[in-house]
Amino acid sequence: MVCVRPDGVLSVAYTAQDQHIHALQIKDGTVTHADLNALAPGAPKVVPIGPPTHLVRGDGVVIVAYIDASGGLDAPHCAVNQLSLNAGTWVRSNLSQLAQSPIDGRAMTTGYVKPDQTTALLYVSPPALKELALAPGGTWTSTNLLSCSQAPPPSFIRWLTGFVRSDGIASVVYADTQNFLHELAFVGGRWLATALSETAKAPPVSTVAPQSGGGGPTGYVRGDGVTAVVYCGSDNHIHERALIAGQWVHTDLSLAANSTTTFGYPFAYVRGDRVSSVIYQGADTHIHELTLPSH
């Protein structure tokens, strides 16, 4: 995962074959490498499923979050670990212990910062969808986001996405056990569920799972200010659900762009020139890009 640190360093965090978190760091054209597990005393190895979560917390602290592999892939009580950069030193914290929230060892984390600057880390612990949250000036807490909604439980092999929509609402999008997409939106102080697959009449998420995890949706705000969720469908096309005038609208991006059949799961972001970009691996094993200008 990619993170731009407050000190201007562009950092790319990944899990290496040694099951450590490594970072490639770029500053003023110079690239450096760091083994973050080696720099953080007591940091356990990583469960090699999905990418680590790399972001700047709401309080400005740079972190990497991951699931530890100390108990093996099927251990009933693994933990979410945080490596945080404090005054130039990487420090390890066991967030599951701090929030009293043990997890399934097969889980994957994702994270984002809410509009109120609360840092949220998300993971699946069947049948729950857990959020570890750190409010400004507070301590880590754990919440099952499904406890106050009628949404179905998520698939534990699919990635989640958490982001802030263009209307300022915190949103969590996930695939259920039947690979249909759902959104939990924090509106009026509570989580409201929407079945995106039903409202947009689009195909479910692809059942093809890459070796590093199960893939899943990615949510972002496009360069033109439209909230969008992008995913690889069961037809191996890249699909988008865009929130326009309060309604989720479906577009087959592969069909619209006359692109090749896909294989990998997409990543969507806004480039520096405000062009919306969707990156994915095609059936030819090449990296492809779908773009949408903001004007």
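The values are calculated or read from the model by the stated rules, or taken from the named source; none is laboratory data. In this text, all values refer to a predicted model and were calculated from it rather than measured experimentally. In this analysis, Cβ positions are derived from the backbone assuming ideal geometry, glycine residues included, and neighbour counts consider all displayed protein chains.
Of the listed requirements (1) on the phi > 0 side of the Ramachandran plot; (2) of a type in the set (D, E, K, R); (3) touching a residue at least 12 places away in the same chain (Cβ under 8 Å), Asp28 misses just one: (3). Quick check on the range 90-128: of everything there that is touching a helix residue (DSSP H, G or I) at 6+ places or on another chain (Cβ under 9 Å) and aliphatic (A, V, I, L, M), which residue is surrounded by the fewest Cβ atoms within 10 Å (Cβ to Cβ)? If we take residues in the range 90-128 being touching a helix residue (DSSP H, G or I) at 6+ places or on another chain (Cβ under 9 Å) and aliphatic (A, V, I, L, M), then Ala128 is surrounded by the fewest Cβ atoms within 10 Å (Cβ to Cβ). Within the bounds of the range 109-123, is there any residue that is closer than 29 Å to Thr207 by Cβ, over 13 Å from the mean Cα position of the chain (by Cα) and at pLDDT below 95? Scanning the range 109-123 turns up no residue that is closer than 29 Å to Thr207 by Cβ, over 13 Å from the mean Cα position of the chain (by Cα) and at pLDDT below 95. Report yes if Ser166 is more than 17 Å from the chain's Cα centre (by Cα), of a type in the set (Ser, Thr, Tyr) and surrounded by 21 or more Cβ atoms within 10 Å (Cβ to Cβ), otherwise no. Judged against the criteria, Ser166 is not a match. Within the option set Ala34, Ala40, being surrounded by fewer than 18 Cβ atoms within 10 Å (Cβ to Cβ) and out of contact with any Cys (no Cβ under 9 Å at 6 or more places or on another chain) holds for one residue only, Ala34. Of all residues in the range 189-206, those that are outside any helix (DSSP H, G or I) and either in contact with a Gly (Cβ under 9 Å, 6 or more places away or on another chain) or in contact (Cβ under 8 Å) with a residue 12 or more places away in the chain (or both) total 12. Just to be sure, is Pro126 in contact with a Pro (Cβ under 7 Å, 6 or more places away or on another chain) and either over 16 Å from Pro48 (Cα atoms) or modelled with pLDDT of 90 or more (or both)? Considered against the rule, which asks whether it is in contact with a Pro (Cβ under 7 Å, 6 or more places away or on another chain) and either over 16 Å from Pro48 (Cα atoms) or modelled with pLDDT of 90 or more (or both), Pro126 comes out as yes. Of Ala185, Ala175, Ala151, all but one fail to be surrounded by fewer than 21 Cβ atoms within 10 Å (Cβ to Cβ), of a type outside the set (D, E, K, R) and part of a strand (DSSP E or B); the exception is Ala185.
The condition of being touching a Phe, Trp or Tyr at 6+ places or on another chain (Cβ under 7 Å) and of a type in the set (Val, Ile, Thr) holds for only one of Val12, Val46, Val4, that being Val46. The number of residues in the range 213-261 that are closer than 24 Å to Lys114 by Cβ and in contact with a helix residue (DSSP H, G or I) (Cβ under 6 Å, 6 or more places away or on another chain) comes to 3. Selection of the range 226-273 for residues being hydroxyl-bearing (Ser, Thr, Tyr) and crowded, with 19+ Cβ neighbours inside 10 Å yields Thr227, Tyr231, Ser254, Thr262, Tyr265.
Okay, residues lined up against (1) modelled with pLDDT under 90; (2) in contact with a Leu (Cβ under 7 Å, 6 or more places away or on another chain):
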{"site": "Ser197", "(1), (2)": "yes, yes"}
{"site": "Ser206", "(1), (2)": "yes, no"}
{"site": "Ser212", "(1), (2)": "yes, no"}
{"site": "Val249", "(1), (2)": "no, no"}
{"site": "Tyr265", "(1), (2)": "yes, no"}
{"site": "Arg274", "(1), (2)": "no, no"}
{"site": "Asp284", "(1), (2)": "yes, no"}
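I'd like to know if the range 220-235 contains one or more residues that are part of a loop (DSSP other than H, G, I, E, B) and at pLDDT below 95.
Yes, the range 220-235 has at least one match.
Any chance the range 85-103 includes a residue that's within 27 Å of Ala268 (Cα to Cα) and β-branched (Val, Ile, Thr)? Scanning the range 85-103 turns up no residue that is within 27 Å of Ala268 (Cα to Cα) and β-branched (Val, Ile, Thr). Of all residues being in a loop (DSSP other than H, G, I, E, B), in contact with a Lys or Arg (Cβ under 9 Å, 6 or more places away or on another chain) and modelled with pLDDT of 95 or more in the range 31-88, which is nearest to Asp116 (Cα to Cα)? Just the residue, please. That would be Gly58.
Restricting attention to the range 154-172 and to residues that are part of a loop (DSSP other than H, G, I, E, B) and among the aliphatic types (A, V, I, L, M), the residue that is modelled with the lowest pLDDT turns out to be Ile157.
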